[in-house]
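Below you'll find the structure, written out as structure tokens, and then a few comments.
The values are calculated or read from the model by the stated rules, or taken from the named source; none is laboratory data. All of these numbers come straight from a predicted model, not from anything done at the bench. All Cβ positions, even for glycine, are placed from backbone atoms using ideal geometry, and neighbour counts span all protein chains on display.
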Amino acid sequence: MTIEIKVPTLPESVSDATVAKWYKKEGEFIQRDENLVDLETDKVMLEVPAPRSGIITKVLVSEGETVSAQQILALLKEGEKADAVTNKGDKVNKEEDETQSSEEEKSATSSAKTSFSATTPLQSGPSARRLMAEKGVAPDQIEGTGKRGRVTKADVEQHRGEAKQTTSEELVLADKKREEERVPMSRLRQRIAERLVQAQHQAAMLTTFNEVNMYQVMQLRKRYKDQFEKVHGVRLGFMSFFTKAVVEALKRFPAVNASVDGTDLIYHHYFDVGIAIGSPRGLVVPVLRNAELMSMGEIEKSIREYAERAKSGKITIEEMQGGTFTITNGGTFGSMLSTPIVNPPQSAILGMHNIVERPVVEEGNIVSRPMMYLALSYDHRVIDGRESVQFLVTIKELLEDPARLLLEV
């Protein structure tokens, strides 16, 4: 029975997809529910599993081609595993025969070379002996110009009239090594580029900076990390502290949680915080919905799950839609300072950076403290400079005295 494998129903707002990678070729066997092909959209990667076990008899589209919903991708003949195994065995046997024949030829060639080079005087170098064997030159026909009469490769080339290439020829050869490769941008990368340019063109974007002393957060984390992991089954990181601080600051400055819709401002009375995560395909921003209702354990679990699924491209479009504010952590890659770009239609984004021990003054004394630069990029159409600075100062104060997160003061 022949089965048509089709493009599945695409997510809302996605009109087509690109064939990213085939995992099976024509004539190969595939198990039921085994992934046959990856389809890339401008937001997520979709897997197309085999509906039945069988042999792929025909692949109708190539990698890189654009397909639409319900388009036929391949044909599958159900229930032919035995034949597939037999064909594969024949192929393997043939390859083994070819390999054995090749090895025998190599052995014969090696023996011939060894027999010839055994007569080569020790005063010739290995490269010279190899070249003499290749050119069929007897050692006693060449007068060595090397140290202690050693025969060099240049002596063999000179004897054969094969002088070294001119400098101009070497330059030509060197130019040939300056290779380039042109590859199409992935759908996700195209979408990221489109949104970044859109943000730059449509928003009046500014960035304000501050720094936060992470000493208290790090001490709290050090004190309770083992107990936290035992209770919640996940490590206590910095993102839960920052998410909690962001939510509290958004409550105090509603404009930072707002968005522009034409000539209207939409004030969101909920806090859906996007967490920017790097993946092999590019940056994705899954959303922690109603982050104000989540515990620190729930926040850490959600972020870890998103990070693991981002690596395999399994985050869904629905999980990335919406969001009223975004946090991005360039510090995981070693960034000291940056100006993150707002994720439209949001009005602001917080940039975290690496933590560096720096000298600071506390109560008149110079001490070493773990310091982090913070950056808040914002749409000046929605957020005034005063609000942006106070918002960032609020986050700084909450993190430098974490008890405020519990007391909401």
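Applying the condition of being more than 18 Å from P345 (Cα to Cα) and in contact with a strand residue (DSSP E or B) (Cβ under 6 Å, 6 or more places away or on another chain) to region 247-301 and asking which residue is surrounded by the most Cβ atoms within 10 Å (Cβ to Cβ) yields A291. Among the residues making up region 11-35, those that are under 24 Å from the mean Cα position of the chain (by Cα) and of a type in the set (A, V, I, L, M) are V14, A17, V19, A20.
Conditions (1) assigned to a loop (DSSP other than H, G, I, E, B); (2) touching a Ser or Thr at 6+ places or on another chain (Cβ under 9 Å); (3) under 29 Å from D264 (Cα atoms), marked per residue:
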{"site": "R358", "(1), (2), (3)": "no, yes, no"}
{"site": "V367", "(1), (2), (3)": "no, no, no"}
{"site": "M372", "(1), (2), (3)": "no, no, no"}
{"site": "L376", "(1), (2), (3)": "no, yes, yes"}
{"site": "I383", "(1), (2), (3)": "yes, yes, yes"}
{"site": "R386", "(1), (2), (3)": "no, no, yes"}
{"site": "L392", "(1), (2), (3)": "no, yes, yes"}
{"site": "I395", "(1), (2), (3)": "no, no, yes"}
{"site": "L399", "(1), (2), (3)": "no, no, no"}
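Counting only residues that are touching a Leu at 6+ places or on another chain (Cβ under 6 Å) and either buried (at least 19 other Cβ atoms within 10 Å of the Cβ) or of a type outside the set (K, R) (or both), region 223-240 holds 1 of them.
Within region 302-317, restricting attention to residues that are over 16 Å from the mean Cα position of the chain (by Cα) and among the polar types (S, T, N, Q), which residue is surrounded by the most Cβ atoms within 10 Å (Cβ to Cβ)? Of everything passing the filter in region 302-317, S302 is surrounded by the most Cβ atoms within 10 Å (Cβ to Cβ). Of the residues making up region 10-26, those that are surrounded by fewer than 15 Cβ atoms within 10 Å (Cβ to Cβ) and more than 22 Å from Q190 (Cα to Cα) are K25, E26. Pairs meeting the criteria (first residue in region 289-308 and touching a residue at least 24 places away in the same chain (Cβ under 8 Å), second residue acidic (D, E) and not in a helix (DSSP H, G or I), beta carbons under 9 Å, at least 6 apart or on different chains) are R289/D272; A291/D272. Any residue at all in region 319-333 that is among the charged types (D, E, K, R) and surrounded by fewer than 16 Cβ atoms within 10 Å (Cβ to Cβ)? No, because not a single residue in region 319-333 is among the charged types (D, E, K, R) and surrounded by fewer than 16 Cβ atoms within 10 Å (Cβ to Cβ). Candidates A203, A193, A199: the one that is aliphatic (A, V, I, L, M), at pLDDT below 95 and exposed (fewer than 15 other Cβ atoms within 10 Å of the Cβ) is A193. If the condition is being outside any helix (DSSP H, G or I) and among the aromatic types (F, W, Y), then region 207-232 contributes only F209.
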